[in-house]
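Enquirer: My questions will all concern the structure given below.
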């Protein structure tokens, strides 16, 4: 059994002190004796107690925390008040991530996060272990996961073999180029950054947008000095600040992004101040998503994300980081995606033309509703007068419908489903048949009017929680049923083929007589 | 293709009525509250009747949908998969291969117990949209179904279902 790095007590205490110290600060303010105002001494005392409690807790946590890597499980014993014994079968490990912040880099310690499928949270986080230990754990967890149910002594030999292999088999798949990083930083809008920008600006202006308005320079402009223009000016500054912060954040986040392939695993590293690195086992890949958002698509760039059942990119920062390529030339992205999953050409079949009519009608209805609201506003309030101007938007409806229609499509490859949707943020999903969990054929009342339907191939990747499963939108109803049947057929075929392959592989490895079907399938537990 | 037990309509109708009553109570109550002189002096006189009419219309719609739902619902245990057709407005045809079944629950709410019905829920590792519930089964049929799904899932297993 191994313990955490001793320095983790200090680092964890520091972050906990900030939390509990603040909590006790609030408690001290509220429950301060005397009644008239706060008693400084008691507040400071309470904060000190909070900090000491935090340190004691972290020390106890450190003393109680033990982990061990056995031949087929990863065991963790932890907990100060409530004890927990956790055993993680190595075959179930989906991702292993290493995270290092600035302090951690100075002290040479790192946090290791281990993800499995299922469960809402990271299953095991080791905060913190030695850098070298973190790397060792990642390597061994990976090897354990790939040799799954093999015998113990066999695992030993396998580890040394792939250790040797990992030394020279590391192929660099992707290295972010300076211009790619620059474009990414400039065009990415970080939602957190806009908040930060807003807060910074509020402080700078003393919570008064008028303070930011350079009245002396724009004196010649018409209109009320402190009215709409001041607000617009404030808004502009806010956008600028948010943009700057978000560019800096994106830059530090993706600085030095590198994706390498070691054996059957992808390994990524990124970050300027805070270092992130992690592994994605190729055999656990559920879905590939190629995203071409609108400013990037114009310049010929795309992004790639790799989803496993453990987590998907873009989830909250606390849970796994992006196992994806943030931005690269579209050709490079396509090449890389094919290196992971060798899918064929992306010539998709478009939805029928009546789908386009449907979109046009839908957009026209939206415009009509907007005009209606504007009319009501003009009729009952004095806010606007020319309500009919909005009707000009109707010109855009056919264009928007056409663009939406053009950016949708589906293709059933020999081994993959390719589905594309979205004009502003065009995503192309690549799903291997054997990853499909269920196939849904859906037709809303409006789709049925035009004999259309949407076919969704549901997978276990966590991104589809947000309704982003691979979907062929608005295909012909009968074609949809056909797609559904074909996907299901190929799923069964692929599963059978994979099972055969694995059994054969195992016979070779274990030397089991191929006629001894039962023992072969019994040891055939995991993948 | 198997249909549900006709009695399930009773469950759905009751549920529809309860929900409609709650929603109707809320909007009619809100209309009453608004028309009090202290809140809105020049409130139109038609507000309360309009709210009541809306509540009744929605209740009727709910009842119709609940009735129609029975006519649409179908399921079948096919060779390799469970096939389900459902949905009044959005017609959904789901295919769940037995290989992907993680576990099968059978469930009986108080309302179902009083009407002598049961629901079987089939879970996959996919996103929530592919977990399917088959309501309106007699308890014996639910047990049978659960058992046969279990058997079929075991027979076809062999791979990590993720």
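The values are calculated or read from the model by the stated rules, or taken from the named source; none is laboratory data. These numbers come from a predicted model, not from an experiment. Backbone-built Cβ (ideal geometry, glycine too); neighbour counts: all protein chains shown.
Enquirer: Of the residues that sit in the stretch A:436-445 and are under 23 Å from the mean Cα position of the chain (by Cα) and facing another protein chain (nearest Cβ under 7 Å), which one is farthest from residue A:477 (Cα to Cα)?
Expert: A:437
Enquirer: For the subset of the stretch A:487-502 comprising residues that are more than 9 Å from chain B (Cβ to nearest Cβ) and buried (at least 16 other Cβ atoms within 10 Å of the Cβ), which member is modelled with the lowest pLDDT?
Expert: Among those residues, the one meeting the criterion is A:494.
Enquirer: With A:480, A:505 as the choices, which residue is facing another protein chain (nearest Cβ under 9 Å), modelled with pLDDT of 60 or more, farther than 20 Å from residue B:98 by Cβ and in a helix (DSSP H, G or I)?
Expert: Only one candidate qualifies: A:480.
Enquirer: How many residues does the stretch A:68-86 hold that are in a loop (DSSP other than H, G, I, E, B) and touching a residue at least 40 places away in the same chain (Cβ under 8 Å)?
Expert: Number of matching residues: 2.
Enquirer: Taking strands (runs of 3 or more DSSP E) that do not extend beyond the stretch B:87-162, which have at least 2 residues that are more than 14 Å from chain A (Cβ to nearest Cβ) and either modelled with pLDDT of 90 or more or in contact with a strand residue (DSSP E or B) (Cβ under 7 Å, 6 or more places away or on another chain) (or both)?
Expert: B:101-107, B:118-124, B:132-137
Enquirer: While we're here: Are there any pairs, at least 6 apart or on different chains, whose C-beta atoms fall under 8 Å, with the first in the stretch B:59-73 and not assigned by TED's automatic domain parsing to the domain that holds residue B:87 and the second at pLDDT 95 or above and loosely packed, with under 14 Cβ neighbours inside 10 Å, and if so, which?
Expert: none
Enquirer: Can you go through B:84, B:63 and tell me which one is closer than 19 Å to residue B:8 by Cβ and within 13 Å of chain A (Cβ to nearest Cβ)?
Expert: Criteria check complete, one pass: B:84.
Enquirer: Please specify each residue of the stretch B:66-81 satisfying the condition of being out of contact with any helix residue (DSSP H, G or I) (no Cβ under 7 Å at 6 or more places or on another chain), surrounded by fewer than 18 Cβ atoms within 10 Å (Cβ to Cβ) and either at the interface with chain A (Cβ under 9 Å from one of its Cβ atoms) or modelled with pLDDT of 90 or more (or both).
Expert: B:68, B:71, B:72, B:74, B:76, B:78
Enquirer: Let me ask something else. So residue A:448 passes all but one of these: (1) more than 28 Å from residue A:297 (Cβ to Cβ); (2) modelled with pLDDT of 90 or more; (3) touching a helix residue (DSSP H, G or I) at 6+ places or on another chain (Cβ under 7 Å); (4) within 11 Å of chain B (Cβ to nearest Cβ). Which condition number does it fail?
Expert: For residue A:448, the exception is condition (3).
Enquirer: Identify all residues within the stretch A:463-473 that are at pLDDT 55 or above and within 8 Å of chain B (Cβ to nearest Cβ); write none if there are none.
Expert: A:469
Enquirer: Moving on to the next point. For the list (1) touching a helix residue (DSSP H, G or I) at 6+ places or on another chain (Cβ under 9 Å); (2) free of Cβ contacts under 8 Å to residues at least 40 places away in the same chain; (3) under 30 Å from residue A:139 (Cβ atoms), I need the number of the one condition that residue A:264 fails.
Expert: Among (1) touching a helix residue (DSSP H, G or I) at 6+ places or on another chain (Cβ under 9 Å); (2) free of Cβ contacts under 8 Å to residues at least 40 places away in the same chain; (3) under 30 Å from residue A:139 (Cβ atoms), residue A:264 violates only (2).
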